[in-house]
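Comments concern the structure below.
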């Protein structure tokens, strides 16, 4: 999924589930930032008391070691689910323990664990992984021919996640073909609305456990109706993304979504609020993989209270998610496997 679901729709889902607009904003930012947190950085490297190193939650560098990719992708983007799920039925009959399946028991337990902490950053990260089980279903976060779509250009692309499908699974208006499956036509809008419904029901039930089941179901359908209209029709070239995002922003002003403006997403906002960069030579662009000759140095802007900054709290939540999900998967899908890095 891209920013449309992970930021805009996640905000609307969480706001309607009962989170205040300021809480929904933190959850939505954390959800999207899970995709944008692509570097490990060291803050105040030469100060023993302030030194801090984060853990990345996404990597676009497909040349990374296989075990690194496995950990990042399985933990944050391709949560292993139920290999025997009907949604995973393939023409070749293959199954895989790492296969991503929508709304699996692992995904539900992961989200429940995050909700139990009450940590908004942790909840946002879990929302990201939960939603991706719908968009990334039938792919595994590992280099394996199980992911191959067997198109004429397969040999030019790595069999990691949905790399062969490029961005096809992540665009809300896209319709594409996955010829591995018994039902090969994939309508992303349907998958995205299924994800929105399931995520809302889980969040709302936790937020308001006294609400009758039917009332939650009715609210979920109202949400999906709004989101369905906002997504609109088929858009294979993703040319209507800006129009869709405008419709999500308009929905935020409705009472049931908190009636507050949804801030524009800036992937560097939390980092620049917390950290000062000392440029060495040309400035680094930490949001890309562009190398520079001399690395910049990073320092906390407010050494006394950096632990209250959004960026620090998000990074700590990333580490907690990584730790807890690693432990969970070692006792489940990874139990009978021998894989490097686990």
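What follows draws every value from the coordinates through simple rules; no lab data is involved. Since the model is a prediction, treat every value here as computed from it, not as a measurement. Here the Cβ positions follow ideal geometry from the backbone for every residue, glycine too, while neighbour counts run over all protein chains shown.
Before moving on, here are some points about what is shown:
- For the chain, the alpha carbon convex hull comes to 153 Å³ per residue, rounded to a whole number.
- Segment residue 205-residue 105, extension gain: residue separation times 0.36 nm, minus the distance between their alpha carbons: 34.3 nm
- Here the peptides 124-130, 168-174 are ranked by packing, the mean other Cβ count within 10 Å, and the order with the highest first is 124-130, 168-174.
- When both bridge partners sit in segment 3-330, DSSP labels roughly 90% of those beta bridges antiparallel.
- Measuring nothing but how far apart in sequence close Cα pairs (under 8 Å, 6+ apart) lie, relative to its length, segment 121-220 scores a relative contact order of 22 percent.
- Nearest-0.05 FRET efficiency for residue 48 and residue 241, computed from C-beta distance (R0 45 Å): 0.45
- Residue 94/residue 175 FRET efficiency (R0 22 Å; Cβ-Cβ; nearest 0.05): 0.35
- Peptides 96-106, 332-342, 10-20 ranked from most to least packed, by the mean per-residue count of other Cβ atoms within 10 Å: 10-20, 96-106, 332-342.
- Counting other Cβ atoms within 10 Å as a rough exposure proxy, the listed residues 30, 309, 295 run 295, 309, 30 from fewest neighbours to most.
- When only Cα pairs below 8 angstrom with a gap of at least 6 residues are kept, the chain shows a relative contact order of 22 percent.
- Inter-label distance, nm, simple model (7 Å from Cα along the C-beta direction), residue 144/residue 213: 3.5 nm
- Separation of the residue 229 and residue 259 label points, Cα + 7 Å toward Cβ, nm: 1.8 nm
- Across segment 66-186, the mean sequence separation of Cα contacts (distance under 8 Å, 6 or more residues apart), normalised by length, yields a relative contact order of 26 percent.
- Pairwise FRET efficiency - residue 277 versus residue 185, Cβ, R0 = 41 Å, nearest 0.05: 0.30
- Modelled spin-label separation between residue 58 and residue 295, with each label point placed 7 Å from Cα along the Cα-to-Cβ direction: 2.2 nm.
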